[in-house]
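The values are calculated or read from the model by the stated rules, or taken from the named source; none is laboratory data. Since this is a predicted model, take the numbers as computed values, not measurements. Glycine gets a Cβ as well: all are built from the backbone with ideal geometry, and neighbour counts include every protein chain shown.
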Amino acid sequence: MIAAHLPALQVVVPLMAAPLCVLLRRPALAWALTLAVSWVVLAIAVLLLLQVLETGPVTYPLGNWAAPWGIEYRVDMVGAFVLVIVAAIGAVVTPFARRSVEHEIPRDRIYLFYAMYLLCLTGLLGIAITGDAFNLFVFLEISSLSSYVLIGLGKERRALTAAYRYLIMGTLGATFYLIGVAMMYMMTGTLNMADLATLMPAVADTRTILVALAFLTVGISLKLALFPLHLWLPNAYTYAPSVVTAFLAATGTKVAVYVLIRIFFTIFGGVEVFRINLIGDVLMGLAILAMVSGSAVAIYQNNVKRMLAYSSVAQIGYMVLGVSFATVTGLTGGIVHLFNHALIKCALFMALGCVFLRIGSVNIGDMAGLGRRMPVTMASFVVSGLSLIGVPLTVGFVSKWYLIQAALEKGWWPIAVLVLFSSLLAVIYIWRVVEVAYFRPAPEGGPAPAEAPLSMLVPMWLLTGASVYFGIDATRTLEVAGGAAAFLLKGTP
Amino acid sequence: MSAEATILLAVAVPLVAAVLIVLTGSRPNLREGVTLAAAVILFGLVASLFPAVFAGGRPAVVLGEMLPGLAIAFEVEPLGMLFAGVASFLWLVTSIYSIGYMRAHHEKNQTRFYAYFAIALSSTMGVAFAGNMLTLFAFYEVLTLCTFPLVTHHGTEEAKRAGRVYLGILLGTSIGLQLFAIVWTWTIAGTLDFTAGGILAGKAAGPTVGILLALYVFGIGKAAVMPLHRWLPAAMVAPTPVSALLHAVAVVKVGVFTVLKVIVYIFGIDFLAQAASGGWLLYVAGFTIVAASVVALRSDNLKRRLAYSTVSQLSYVIMAAAILTPLSAMGAAFHIAAHAFGKITLFFCAGSILVASHKTLVSELDGIGRRMPWTMAAFAIGALSMIGIPPTVGFVSKWYILRAAMEAEQTFAVAVIVLSTLLNAAYFLPIVYAAFFRAETAEPVAAGGRARGAEAGDGGNPRHHGHRREGHGEAPLTVVLALTVSAAGILFLFFFPDLPLALARQLAGGAG
Amino acid sequence: MEFPGLYNYWITIVLMMVGFYIVIAHDNLIKKVVGLNIFQVSVFVFYISMAKVQGGTAPILDAGIETYSNPLPHVLILTAIVVAVATTALALALVVRIRNAYGTIEDDEIEGQEDDA
């Protein structure tokens, strides 16, 4: 009975919990509720994934209004995979959040933080689960609005301007998306993605649809911070509270990539969008520019959070590159990198959260000697950093392997070279931190910072461990990602 | 115990030892006990695999799939057997050596040192037994990373710079070139398993073969083919046991071992011999041999001279492999073992001299043979082996390589071997001569004093200077014991080279 | 269709460009929000006008009503308006906080302060 309603519960549970948080007021209670909800959400997501693996796509007509008139929730392989990513990151971040939030957010606003956090989770899950193009816009805005608030909660005043700029860019992006949806609706008279996919081939060559595709692509590219539309991202990640950065870096942009995949391979799946115009080439070019320029700029950053933010720009490049190949191998690489990068970046930002908790700074100069003072935290940073570089036996290696393979299969070896070049740049920026933390002696005087509390170390190491585990045995993630890629490229929803 | 379990244990034992070393870190005697016990067990395990492989068996075990169609798999074949045997035996010797060295030298962070040392051995075993290129690559990278803390052991500014060069070149080449080559091979051949006769035959042709070979050879930075050799001299800032085992045996040998594996099992000797575009390798290796020897000749710092000698000797293996006949492959495989024994003895001696007298420069060694007869005798044996004079094992391997070169009518290779033998003699024999036949200088040169402090990297440890120069004798007992054993090994393998030769012969398919 | 036939699209485009220009060109944070609103409203107009069916009335189920406008875009835009209002409210709240923190709502002055810091 309940099993049949899992798709609805996936979104409704966190949505209902958010106002409850506001009612509870007490920080400890709000946190406990968030914790419980985030684990329930994860359980639902995993159940849905298992169900999809077993029986194929799951559909759920909301309020029993049949598609294509009513809003339909539709969970297929890609959607379920993204749901699990988002829910898992949410479930791991919440226990981590308690101490970090106490440290970085005024006590009287903590309950608001958790309410916003839950809303953001709702929005991100909703994007991944809905099968309706307009409903997707609503969830996009729920997650965006709450993330503007979350970023604005940062300690420094620059968090406010970062949130404001993100708001302007984000709203422009969402509105662009809305225009695209309007044009598709004009031509097909439907908003249901599955329905759109069947009607699209008939009208695909019209100028309206081409313009719609352009608006959709630009709008989502703003959201996923694809170079050169990434300008909001570095500041937003740098000045947001540590927990928010860890959560958003691992989920926000990933979900945007998911939307991109949805548009290209589900809605426009029947028309093989990459073969009818330049869009694939443009995306590939931008992805490569993002990879190289993001990594190159990251090298010169002294704020480690900002450094990792630029690294995220580069990593988004990897994902979009995988998508732009439009082959099974490439798309598998892109989708599996969604998961892999979520693990890596979340763990890295968590490590910085621990550092910030203890020494109150994430500037590279202040991290001297941390290798000895916070060995557990820094060890996690190093392992995740190696994964970011793409050293074998870590998840980063798996993604890179697939992307290079996809490039070579097409005979585009310069792209493979650039992928590798970008990972070598990652060696440089990760190693800058390692050298400071392990070779530069800690400053004299002042109390030596202790290791971070267990409640933060355990979630961090959970992710770090996962990023090694899924690097050694990548068959499971690749099974899902490969299945999703093959499913999407069949051209039918 | 089944061979499968033995293989897994060989990789696991050093790892377990690393954990135990960390746990027993507060009690040095117990900690060193763990190291020794692990080394003995490991050697026993590796030795127990000998009979099966000798009889032509290829014990294999698959640990699980990493990527679909690509497993983490181990397979013991003759070359890997030979390499694992040499490495595990020398770990045992080095463990004995490093106990004396590290204590006499008052090194800091000894627990970390032993732990990473053990992990390095584990990954060396992983490389030696790897059943496909992906497994090999994974352990190759682990080895790079876990030796980084060993190279930068002293934590000084100099160590940090050396660490940068070390990691930059090794990680840069392996990710930038080798990984590229591996994925390329995978897309062309659809497999990465090490297969007798190669996996690329009939699937790649023309310039592709040459480019792929270049990506592999230069991607395997650990083989130190010029111009990617700079990490090796840089890594000499590490404590001497590290230089000895890792930079004369494990790390660099993993490099040439991988090159050899790639040539024999990925390309296939016959296939590469037919493909015209692979011919350049011989010349690059030949150039490296001569050029590195010339640099060694001009270096006054003993460890640096040894490092460049290593660069030169490594390219012997590569050049031998590049001659591309079964006999030459056999010579290459045997030279891995021969050079390992020779070079580790020389490094042991350099460390022994450093511990006992705090001397690091060749020009300071006049007359030292009288004070340290055991050390310098071992040094002489090691030097003879490097040059290739009987009765040392170096003669045997050089003999095979020279024979292969002559049979293949590679005049260039023959010329390189002759020239480099002369150069080897020119940079090793004066040391031996000075140590035994020159009178000790009363006052060491001032320049030596400065260099000494930097080399020892003692971080201002005052105890160092308490027992210096005047009246020093031999190094600590364990140090002398270790270098005597390895020197004895050089002689032993000259008289009884059958076992390694048989393995090398199997690799080459029964030639010679 | 003759010239005035698609004038609603022209209005949408003009409004959109006006809004977009304000967002990009103005330094005043409030004006940026105003521009953003105009930009969003242009899209709302676009939705509503495209739903109009010539000669159609409001979609009321009653005898005698044969042609009526498509109600779905209207409903969608109700939702979108709610979102836009929330966005505006949040943006204004942020501007208030920015004003408290920086003492100005001019983008160039804020940037000047940030560069000094």
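Out of the residues in region B:8-38 that are of a type outside the set (A, V, I, L, M) and part of a helix (DSSP H, G or I), state the one that is nearest to B:VAL76 (Cα to Cα).
B:PRO14
For region B:294-310, enumerate the residues that are over 18 Å from B:ILE353 (Cα atoms) and touching a residue at least 40 places away in the same chain (Cβ under 8 Å).
Selection gives B:VAL294, B:ALA296, B:LEU297, B:TYR308, B:SER309, B:THR310.
Residues checked against (1) surrounded by 24 or more Cβ atoms within 10 Å (Cβ to Cβ); (2) in contact with a Phe, Trp or Tyr (Cβ under 6 Å, 6 or more places away or on another chain); (3) over 21 Å from B:ILE175 (Cβ atoms):
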site: B:PRO233; (1), (2), (3): yes, no, yes
site: B:ALA238; (1), (2), (3): yes, no, yes
site: B:ALA250; (1), (2), (3): yes, no, no
site: B:PHE267; (1), (2), (3): yes, no, yes
site: B:GLY278; (1), (2), (3): no, no, yes
site: B:VAL284; (1), (2), (3): no, no, yes
site: B:ALA292; (1), (2), (3): yes, yes, yes
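Taking A:VAL433 and the conditions (1) crowded, with 22+ Cβ neighbours inside 10 Å; (2) at pLDDT below 85, which numbered condition does it fall short on, given that it satisfies the others?
(2)
Looking at C:ILE110, C:ILE105 in this structure, which one is within 11 Å of another protein chain (Cβ to nearest Cβ), in contact with a strand residue (DSSP E or B) (Cβ under 7 Å, 6 or more places away or on another chain) and over 29 Å from A:ASP132 (Cβ atoms)?
That would be C:ILE105, the only listed residue that is within 11 Å of another protein chain (Cβ to nearest Cβ), in contact with a strand residue (DSSP E or B) (Cβ under 7 Å, 6 or more places away or on another chain) and over 29 Å from A:ASP132 (Cβ atoms).
Do you know which residues across region C:23-47 are in a helix (DSSP H, G or I), over 12 Å from the mean Cα position of the chain (by Cα) and more than 10 Å from chain A (Cβ to nearest Cβ)?
Passing the criteria: C:ALA25, C:ILE30, C:LYS31.
Residues of region B:21-35 being buried (at least 16 other Cβ atoms within 10 Å of the Cβ) and under 26 Å from the mean Cα position of the chain (by Cα), which ones?
Of everything in region B:21-35, those that are buried (at least 16 other Cβ atoms within 10 Å of the Cβ) and under 26 Å from the mean Cα position of the chain (by Cα) turn out to be B:ILE21, B:ARG31, B:GLU32, B:VAL34, B:THR35.
Is it true that some residue in region B:152-165 is more than 8 Å from every other protein chain (Cβ to nearest Cβ) and within 16 Å of the chain's Cα centre (by Cα)?
no
Table: residues versus (1) within 12 Å of another protein chain (Cβ to nearest Cβ); (2) assigned to a helix (DSSP H, G or I); (3) buried (at least 22 other Cβ atoms within 10 Å of the Cβ).
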| residue | (1), (2), (3) |
| --- | --- |
| A:TYR148 | yes, yes, yes |
| A:ALA159 | yes, yes, yes |
| A:ALA163 | yes, yes, yes |
| A:GLY173 | yes, yes, yes |
| A:GLY180 | yes, yes, yes |
| A:MET186 | yes, yes, no |
| A:ASP195 | no, yes, no |
| A:LEU199 | no, yes, no |
| A:ALA202 | no, yes, no |
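For region A:463-482, enumerate the residues that are within 11 Å of chain B (Cβ to nearest Cβ) and either assigned to a helix (DSSP H, G or I) or among the hydroxyl-bearing types (Ser, Thr, Tyr) (or both).
A:PHE470, A:GLY471, A:ILE472, A:THR475, A:ARG476, A:THR477, A:LEU478, A:GLU479, A:ALA481, A:GLY482
Suppose we keep only residues that are among the hydroxyl-bearing types (Ser, Thr, Tyr) and over 18 Å from A:THR253 (Cβ atoms) within region A:106-129. Which one would you say is nearest to the chain's Cα centre (by Cα)?
A:TYR114
Hey, among A:GLU451, A:GLU479, which residue is within 30 Å of B:LEU167 (Cα to Cα), of a type in the set (D, E, K, R), in the same structural domain as A:VAL336 (by TED's automatic domain parsing) and at pLDDT below 90?
Only one candidate passes the filter, namely A:GLU451.
Name every residue in region C:67-102 that is modelled with pLDDT under 90 and more than 10 Å from chain A (Cβ to nearest Cβ), in order of residue number.
Answer for region C:67-102, where residues must be modelled with pLDDT under 90 and more than 10 Å from chain A (Cβ to nearest Cβ): C:THR67, C:TYR68, C:SER69, C:PRO71, C:HIS74.
Identify, from the list A:LEU260, A:LEU343, A:LEU283, A:LEU338, the residue that is assigned to a helix (DSSP H, G or I) and more than 13 Å from the chain's Cα centre (by Cα).
A:LEU283
This table checks each residue for (1) under 15 Å from A:HIS337 (Cβ atoms); (2) modelled with pLDDT of 90 or more; (3) surrounded by 24 or more Cβ atoms within 10 Å (Cβ to Cβ).
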position: A:THR377; (1), (2), (3): no, yes, yes
position: A:SER384; (1), (2), (3): yes, yes, yes
position: A:GLY390; (1), (2), (3): yes, no, yes
position: A:VAL395; (1), (2), (3): yes, yes, yes
position: A:GLY411; (1), (2), (3): no, no, no
position: A:LEU425; (1), (2), (3): no, yes, no
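So which helices (runs of 4 or more DSSP H) are wholly in region B:177-293 and hold at least 2 residues that are within 14 Å of another protein chain (Cβ to nearest Cβ)?
By residue number, B:179-189, B:207-219.
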